[in-house]
1. So how far apart, in nm, are the two label points at residue 14 and residue 104 if each is 7 Å from Cα heading toward Cβ?
2. Checking the table 8/99; 3/96; 8/96; 3/23; 3/31 against a 18 Å threshold on Cα-Cα, which pairs fail?
3. Work out the FRET efficiency for residue 78 and residue 140 from their Cβ-Cβ distance, taking R0 = 41 Å, and round it to the nearest 0.05.
4. Quick one: how many Å² of residue 36 are accessible to a 1.4 Å probe, rounded to 10?
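The values are calculated or read from the model by the stated rules, or taken from the named source; none is laboratory data. Every value quoted in this text rests on a predicted model; they were computed, and no experiment measured them. Note that we place each Cβ from the backbone using ideal geometry, even for glycine, and neighbour counts take in every protein chain shown. These area figures cover heavy atoms from the full protein model, side chains too; ligands, DNA and RNA do not enter into them. Shrake-Rupley method; radii C 1.70, N 1.55, O 1.52, S 1.80 Å.
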Amino acid sequence: MTKAIHLKCVKDLTSEAFLAAFKRFIARRGKPILVMCDNATNFVGARRELSELHRVFRNQQFLQSVVDDAEQNEVEFRFIPPRSPNFGGLWEAAVKFFKAHFKRTVGTRILQHDEIQTAVIQIEAILNSRPLTPISSDPMDFEALTPGDFLIQRPFTAVPEPDH
């Protein structure tokens, strides 16, 4: 198992905005089995809406195979206790790294939405290009395995090289 970072700009912190961003995430990255998140009210509301939607689908007269498939593929949401970011160590560290890069990049400038989105996605690429482990034990081989290798088979910040 490895961990990659996915950052998304949303227009506000409502459950609707989160659900729309979550649908875009699923369309691009696939449906996760487990979502770990903090106890922010937009996440709690989104879980409630997804559970309600799932309950409505279960109560309708769908074919049994469709119902079984929906139940089997339901996304599980797990929440950390409220106001305890230390429980979300891995992703809170990612948030810390993102904030540091974002503050250094943007500073005090006021950006348009598409400029913010570009900065966020470029920072995501940098964070997903961080080295996880060396690929070989050769001390002269400086290549490392990155989260990008699992997502696109190369680090996001690597310059594409021709295959000879």
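1. Label at residue 14, label at residue 104, 3.7 nm between them.
2. Working: 8/99 14 Å; 3/96 16 Å; 8/96 16 Å; 3/23 20 Å; 3/31 15 Å.
From the list (8/99; 3/96; 8/96; 3/23; 3/31), the Cα-Cα distance tops 18 Å for 3/23.
3. Numbers: r = 43 Å, r/R0 = 1.05.
Computed FRET efficiency for residue 78 and residue 140 comes out at 0.40.
4. Number for this one is 90 Å².
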